[in-house]
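Working notes, structure below.
The values are calculated or read from the model by the stated rules, or taken from the named source; none is laboratory data. Keep in mind the model is a prediction, meaning the values are calculated, not measured. For neighbour counting, all protein chains shown are included, and Cβ atoms are generated from backbone atoms with ideal geometry for every residue, glycine included.
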Amino acid sequence: MKDQMLTDKNPERRQWRSSLAVAALGALAFGWLTVAAAQDIANGTLAGAIRSSDQPCDRVLEKERLSENPPTWRVRCNSGHYEVTMKDDMATASAVVSID
């Protein structure tokens, strides 16, 4: 019996195990991609947040993530440098500070 478990010759069982392994790896990869996407923010969102604080910013040239909590970036616009802290919804800024 023990030898039979080690040398499982049932092709349906092997196929089921392989399918389960592929599904698990796919779920892990999807989860990782979802987290990675959630941590990034569009340049246009940052530029809009800067403009909504009455600072000029036509486009973001560079950005660097400074902090996860609160979500904060150092941003270089065509018109200056800013530190932007976003609200948890990642749609609006809670603080924009000019660092020029």
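Can you give me the number of residues within segment 59-90 that are touching an Asp or Glu at 6+ places or on another chain (Cβ under 9 Å) and β-branched (Val, Ile, Thr)?
Here the count works out to 2.
Which count do you get for residues in segment 70-93 that are surrounded by fewer than 14 Cβ atoms within 10 Å (Cβ to Cβ) and in contact (Cβ under 8 Å) with a residue 24 or more places away in the chain?
At the first step, the residues of segment 70-93 found to be surrounded by fewer than 14 Cβ atoms within 10 Å (Cβ to Cβ) are 70, 78, 87-89, 91-92.
Filter once more, keeping what is in contact (Cβ under 8 Å) with a residue 24 or more places away in the chain: 70, 91-92.
Count: 3.
Condition check ((1) in a loop (DSSP other than H, G, I, E, B); (2) modelled with pLDDT of 95 or more) across all residues:
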site	(1), (2)
Leu33	no, no
Ile41	yes, no
Leu61	no, yes
Tyr82	no, yes
Ala95	no, no
Asp100	yes, no
